[in-house]
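Everything on this sheet refers to the single structure shown next.
The values are calculated or read from the model by the stated rules, or taken from the named source; none is laboratory data. A quick note: this is a predicted structure, and the numbers were derived from the prediction, not measured. Cβ sites come from the backbone with ideal geometry, for glycine too, and all protein chains shown count toward neighbours. Surface accessibility is based on the protein's heavy atoms, side chains included, excluding ligands, DNA and RNA. Shrake-Rupley method; radii C 1.70, N 1.55, O 1.52, S 1.80 Å.
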Amino acid sequence: MRPRCLEEFVGQRHLLGEGKILHRLLHRALFQSLILWGPPGCGKTTLAHLIARHTEGHLIALSAVTAGTKEIREAVEEARHVWASVRKRSWLFMDEMHRLNKAQQDVLLPHVEKGTLYLLGATTENPSFEMTRPLLSRCHVLVLEPLSEDDLAHVVVRALSDSERGLGLLRPVLSEEALKLLVQAAGGDARVALNLLETAVLSTPPHADGVRRVEASMLLDVMERPGHYDKNGEEHYNLISAFHKSLRGGDPDAALYWMTRMLQAGEDPLYIARRLVVAASEDVGLADPFALVLTMNAVRAYEFLGSPEGELHLAQAAVYVSLAPKSNSVYKALKSARELARKTPYDPVPLHLRNAPTALLKELGYGKAYRYPHDDPQGWVPEVYVPETLKDAVFYEPSVRGWEGKWKETLERRRALVKKKS
């Protein structure tokens, strides 16, 4: 069912619509190295073949899974031969482009730069992470989107009626509810949609009239599949980012949704648990110190119980962190302290703060005039605890939210007394 011409291609209107970049390139038959970046089943391979055909270029197809330096050099020689013999420019279609290592990309680079061949790379991974900067700078990255449900429905209906390449000879009929379930289960992936359709139709016996009627109930068995998820790829980081931002933004419903998406896709629950602990300090902080206690207990509970029971503790922690008052004051204070510490690594410790374990050190003034806070009835004395040059440095600025609000006034009063003393 792969489209044989641009008119059959479904989706990617933001690239192929009137006046859009691919529309302009194809209708003017322009050659430019392109990287097609998008999720599985969105049409990257099909589009690459259509581009080569529409521009009347010679297509050399390789897959980075099996191709190495030897195959790349052979492709370059083939492109040179084609140009010398028939004056036709060549496209090198490199599927799974992200699997090429740096050395292989370096072999390809000068030939792309000279125009010996034009690159059509297809990848499901972010090119800025997987490709070298010199090669990436010589290519135009086109971002392909998952197919919409309407686009997938168009693909499915066409496969049902096509007697030459589709399922038309089997006389299948898909109910409206079944079609809706199918395109939802495909998750924007045309390949998944067609595979599910084929399985559903072939597993449905024909009625007496020879028609195979596929109902929604018949699709449920073939729809059991995890969502698209690569534990080491971009989608992994997209989902954990959405989860953390939902925690930070105070939305327990969104946090639970993204958490269950990851769990159902096979993510390590302890990875999610560690993100909860991060959020408890980075985003809740001292506005609610109990958030850290609860998230750490959730980690221990999951380690003790495992799935599925332990997931309830992760959900409890996610809801708590979402609803807790937020403060990143400690996060910002640590960042500021690190920056100043890097700039002043040799500032001496004030004498009154130094350790004085020997008589000689005491004679030199180590520990002299140190005031022991516990000797004061209030348990605190105005004192400077940093080098003289840094006495005005302030890192921690408590918020007015939660527990921190209780300390804000006290800290401001103490800092004023220390400043007055110094």
Are any residues in the stretch 175-214 open to solvent by less than 80 Å² (accessible area, probe 1.4 Å), touching a Ser or Thr at 6+ places or on another chain (Cβ under 9 Å) and not in a helix (DSSP H, G or I), and if so, which ones?
GLY188, ARG212, VAL214
Given the residues PRO289, PRO252, which is the only one that is surrounded by fewer than 18 Cβ atoms within 10 Å (Cβ to Cβ) and within 16 Å of ARG401 (Cα to Cα)?
PRO289
List every residue pair whose Cβ atoms sit under 9 Å apart, with the two residues 6 or more apart in sequence or on different chains, where the first one lies in the stretch 15-37 and is within 17 Å of ARG89 (Cα to Cα) and the second, anywhere, is open to solvent by 40 Å² or more (accessible area, probe 1.4 Å) and among the charged types (D, E, K, R).
ALA29/GLU56; LEU30/ARG24; PHE31/ARG89; SER33/ARG138
Residue pairs qualifying under the 7 Å Cβ cut-off, at least six apart or on distinct chains, with the first in the stretch 334-357 being more than 18 Å from VAL394 (Cβ to Cβ) and the second being open to solvent by 60 Å² or more (accessible area, probe 1.4 Å) and hydrophobic (A, V, I, L, M, F, W, C), are HIS352/ALA369
Among the residues listed as LEU411, LEU417, the single one being more than 24 Å from PRO289 (Cα to Cα) and of a type in the set (A, V, I, L, M):
LEU417
Assess whether LEU390 counts as being open to solvent by 80 Å² or more (accessible area, probe 1.4 Å) and in contact (Cβ under 8 Å) with a residue 40 or more places away in the chain.
no
Which condition does LEU30 not pass, out of (1) modelled with pLDDT of 90 or more; (2) under 14 Å from LEU120 (Cβ atoms); (3) open to solvent by 30 Å² or more (accessible area, probe 1.4 Å), if it passes all the others?
(1)
Report every pair of residues separated by at least 6 positions or lying on different chains whose Cβ atoms are under 8 Å apart, first residue within the stretch 261-287 and closer than 14 Å to SER241 by Cβ and of a type in the set (D, E, K, R), second part of a helix (DSSP H, G or I) and open to solvent by 50 Å² or more (accessible area, probe 1.4 Å).
GLU282/TYR331; ASP283/ARG248; ASP283/TYR331
Residue selected from the stretch 48-69 under the condition outside any helix (DSSP H, G or I) and of a type in the set (Ser, Thr, Tyr), by the criterion nearest to ARG28 (Cα to Cα):
THR55
Matching residues, the stretch 55-75, being more than 18 Å from THR45 (Cβ to Cβ) and either out of contact with any strand residue (DSSP E or B) (no Cβ under 8 Å at 6 or more places or on another chain) or not aliphatic (A, V, I, L, M) (or both):
GLU56, GLY68, THR69, LYS70, ARG73, GLU74
Residue satisfying condition, being within 24 Å of LEU160 (Cα to Cα), more than 28 Å from the chain's Cα centre (by Cα) and acidic (Asp, Glu), within set GLU18, GLU56, GLU7
GLU7
Would you please name the residue that is farthest from ARG414 (Cα to Cα), looking only at residues in the stretch 358-375 that are assigned to a loop (DSSP other than H, G, I, E, B) and within 54 Å of the chain's Cα centre (by Cα)?
TYR366
Considering the stretch 307-353 alone, what residues qualify as being exposed (fewer than 15 other Cβ atoms within 10 Å of the Cβ), more than 25 Å from the chain's Cα centre (by Cα) and assigned to a loop (DSSP other than H, G, I, E, B)?
PRO308, THR344, PRO345, TYR346, ASP347, PRO348, VAL349
